[in-house]
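Peer 1: So that we are looking at the same thing, I have put the structure below in structure tokens.
The values are calculated or read from the model by the stated rules, or taken from the named source; none is laboratory data. Keep in mind it's a predicted model, so treat the numbers as computed, not measured. Reconstructed Cβ throughout: ideal geometry from the backbone, glycine too, with neighbour counts over all protein chains shown.
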2 protein chains.
Amino acid sequence: MVSKSQKKLINSLHQKKYRKQHHMFIAEGLKVVQEFIRAGFQLHSLYTTEEESFDIEKGQFFLVSESELKQITQLKTPQKILALFFIPEKENISHNGLILALDDVRDPGNLGTIIRLCDWFGIETLICSDQTVDCFNPKVVQSTMGSLARVNVVYTDLVDYLKKHSSSHHIYGAFMDGKVVYSEKKESGNTILVMGNEANGISVPIEKLIQKRISIPRFGDLQETESLNVAMATAILLNEFRRDSFFTEK
Amino acid sequence: MVSKSQKKLINSLHQKKYRKQHHMFIAEGLKVVQEFIRAGFQLHSLYTTEEESFDIEKGQFFLVSESELKQITQLKTPQKILALFFIPEKENISHNGLILALDDVRDPGNLGTIIRLCDWFGIETLICSDQTVDCFNPKVVQSTMGSLARVNVVYTDLVDYLKKHSSSHHIYGAFMDGKVVYSEKKESGNTILVMGNEANGISVPIEKLIQKRISIPRFGDLQETESLNVAMATAILLNEFRRDSFFTEK
């Protein structure tokens, strides 16, 4: 059974305001839910159509019918399991090594993809400007496929953050007219790579704090090609930084 | 006005069967429609809420109300313009240089992203196995942002295609357990890079025809990280091939 108040709570968590208020978020699907449990996220409650699916220590467990699950899911193809987790407190986050920073990335799918890329490339900390889409937005949670459980996502005033780290870190930014990334030296110490908004790129106040402007050259018809999507550009640039360390650290 | 028969035609084009039968596809939004016109695609008909938006030479022009446009669009946010184009006949397609081949990529968003990547990296020809999602699927058309107008997408029996080109082309394939792409020599002559299906990777019959197995190393926790999404992996690998030619051709 799903009570009215439970439905109301679950539904409210589609809005950032209520996620902040309740310190909770929604995750759906066996794999995604398992990843959060394995990463030590505290479960609030779990709704599933399959009794045997989980052995949980904490949190409330509810066996529900398929039609009840349909009422609480927002997925087109319900995943047999929906869970509410508490948003963890951030502690001891590392700001060393290679850090990715996002200046107002707005699309949940892009943020989800970027979190997966951080996970793949071993980026522990993702810094997001306060205007960047919330990482606990259900669409982001689903598209990360569990990677969100392994990457620390920190929301902050990005101008202040970059100012604070400008002497300890090398700060790179992706621009259409930057220097070709292939030829640019990638520093191996503490480094921040900044990626900009989907439509407008890196904003003016952030641009002033960038120390090295880099770009991915295009090989197609120069006149016509659209810019690369921010998630694609992030994939390529993270690979560029990591490929250099791959050789030097061997 | 949009007549009943026009609505029926437009609606039918969401299915591959009818796109094949009518040799037509749907494009929506000013930018996307303009790109197809500029690339020389033949317009069948154009429906718009804004009279002054187009100067078209061929094809029928219909001024429609917003509510009529809502009836024929499948976009959540209608784009003020919807057009039907004829699917062009393929002529004189180049099979030289770097070619990308897809072995059963099923997700429209992934194919759309990959077509954009081909455009960016100057890949003129994209070979798709017959099971790969149709590039004239409306979701693919929209997500390519006009790049589809500049990339030749060819559907064929991929086993036959690779067999036919196995002596004239170097054939690379992306595998989880391939050799690290950074250290692998990327041939500068005729080359085919094969990417596999989202869930299953490259299929067994195709695998047998791969000459060099390559992979993108992961830097995160080896046990837990998901594989990279196929569009991400394609972005990184196309960049790897192009970065080498960037230096040799300068």
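Peer 1: For the subset of segment B:84-101 comprising residues that are in contact with a His (Cβ under 8 Å, 6 or more places away or on another chain) and buried (at least 17 other Cβ atoms within 10 Å of the Cβ), which member is nearest to B:Phe36 (Cα to Cα)?
Peer 2: Quick first cut of segment B:84-101, residues in contact with a His (Cβ under 8 Å, 6 or more places away or on another chain) only: B:84-87, B:95, B:99.
Those left that are additionally buried (at least 17 other Cβ atoms within 10 Å of the Cβ): B:84-85, B:95, B:99.
Working: B:Leu84: 10, B:Phe85: 8, B:His95: 23, B:Ile99: 22 Å.
Looking at the filtered set, the residue picked out is B:Phe85.
Peer 1: Could I ask something else about it? Take the conditions within 14 Å of chain A (Cβ to nearest Cβ) and at negative phi and apply them to B:Ile214. Does it pass?
Peer 2: yes
Peer 1: From the set of residues in segment A:121-140 that are touching a residue at least 40 places away in the same chain (Cβ under 8 Å) and within 14 Å of chain B (Cβ to nearest Cβ), which is farthest from A:Gln21 (Cα to Cα)?
Peer 2: Per the criteria, the residue is A:Phe121.
Peer 1: Going through A:Lys80, A:Lys17 one at a time, which residue ends up being closer than 30 Å to A:Lys163 by Cα and of a type in the set (Lys, Arg)?
Peer 2: Going through A:Lys80, A:Lys17 in turn, the sole match is A:Lys17.
Peer 1: Turning to a different aspect of this structure: Considering each of B:Leu117, B:Leu148 in turn, give the residue that is within 14 Å of another protein chain (Cβ to nearest Cβ) and in contact with a Ser or Thr (Cβ under 7 Å, 6 or more places away or on another chain).
Peer 2: Only one candidate qualifies: B:Leu117.
Peer 1: If I ask for residues that are surrounded by 14 or more Cβ atoms within 10 Å (Cβ to Cβ) and either of a type in the set (A, V, I, L, M, F, W, C) or free of Cβ contacts under 8 Å to residues at least 60 places away in the same chain (or both), which ones from segment B:180-193 would you list?
Peer 2: Quick first cut of segment B:180-193, residues surrounded by 14 or more Cβ atoms within 10 Å (Cβ to Cβ) only: B:181-182, B:184, B:186-188, B:190-193.
Scanning segment B:180-193 gives B:Val181, B:Tyr182, B:Glu184, B:Lys186, B:Glu187, B:Ile192, B:Leu193.
Peer 1: Another one. For B:Phe54, state whether it is surrounded by 17 or more Cβ atoms within 10 Å (Cβ to Cβ) and at pLDDT below 85.
Peer 2: Yes.
Peer 1: Name every residue in segment A:199-217 that is closer than 16 Å to A:Val230 by Cβ, polar (S, T, N, Q) and at pLDDT 95 or above, in order of residue number.
Peer 2: Residues satisfying the conditions are A:Ser203, A:Ser215.
Peer 1: Based on this model, can you work out whether A:Leu228 counts as under 30 Å from B:Arg38 (Cβ atoms) and of a type outside the set (Gly, Ala, Ser)? Before you say what the answer is, go through the steps one by one.
Peer 2: Numbers: under 30 Å from B:Arg38 (Cβ atoms): yes; of a type outside the set (Gly, Ala, Ser): yes.
Judged against the criteria, A:Leu228 is a match.
Peer 1: Applying the selection to segment A:90-114, what residues are closer than 15 Å to A:Val230 by Cβ, of a type in the set (A, V, I, L, M) and within 12 Å of another protein chain (Cβ to nearest Cβ)?
Peer 2: Hit for segment A:90-114 is A:Ile114, nothing else.
Peer 1: Among the residues that make up segment B:211-230, is at least one of them closer than 30 Å to B:Gly29 by Cα and either β-branched (Val, Ile, Thr) or in contact (Cβ under 8 Å) with a residue 40 or more places away in the chain (or both)?
Peer 2: yes
Peer 1: Confirm whether A:Gln74 is surrounded by 14 or more Cβ atoms within 10 Å (Cβ to Cβ), within 20 Å of B:Asn229 (Cβ to Cβ) and at pLDDT below 85.
Peer 2: no
Peer 1: What number of residues within segment A:140-170 satisfy the criterion of being within 22 Å of A:Ala27 (Cα to Cα) and crowded, with 17+ Cβ neighbours inside 10 Å?
Peer 2: 14
Peer 1: Can we say A:Glu28 is more than 14 Å from A:Asn137 (Cα to Cα) and either without any contact (Cβ under 8 Å) to a residue 40 or more places away in the chain or among the acidic types (Asp, Glu) (or both)?
Peer 2: The answer is no for A:Glu28.
Peer 1: Hey, among B:Asp104, B:Asp119, which residue is crowded, with 24+ Cβ neighbours inside 10 Å and either in the same structural domain as B:Arg243 (by TED's automatic domain parsing) or not charged (D, E, K, R) (or both)?
Peer 2: B:Asp119
Peer 1: Another question, then. Run down B:Gly196, B:Gly173 and say which single residue is buried (at least 20 other Cβ atoms within 10 Å of the Cβ), at pLDDT 95 or above and either within 13 Å of chain A (Cβ to nearest Cβ) or over 15 Å from the mean Cα position of the chain (by Cα) (or both). Break it down into steps so the answer makes sense when it comes.
Peer 2: Details: B:Gly196 fails: either within 13 Å of chain A (Cβ to nearest Cβ) or over 15 Å from the mean Cα position of the chain (by Cα) (or both).
B:Gly173 is the lone residue from the list that is buried (at least 20 other Cβ atoms within 10 Å of the Cβ), at pLDDT 95 or above and either within 13 Å of chain A (Cβ to nearest Cβ) or over 15 Å from the mean Cα position of the chain (by Cα) (or both).
Peer 1: Mind listing whichever residues of segment B:1-17 are assigned to a helix (DSSP H, G or I) and either in contact (Cβ under 8 Å) with a residue 24 or more places away in the chain or surrounded by 17 or more Cβ atoms within 10 Å (Cβ to Cβ) (or both)?
Peer 2: The answer is B:Gln6, B:Lys7, B:Leu9, B:Ile10, B:Asn11, B:Lys16.
Peer 1: Here are the criteria: (1) within 14 Å of another protein chain (Cβ to nearest Cβ); (2) farther than 24 Å from B:Ile114 by Cβ; (3) in contact (Cβ under 8 Å) with a residue 24 or more places away in the chain; (4) surrounded by fewer than 15 Cβ atoms within 10 Å (Cβ to Cβ). Tell me which single one A:Pro205 does not satisfy.
Peer 2: Every condition holds for A:Pro205 apart from (1).
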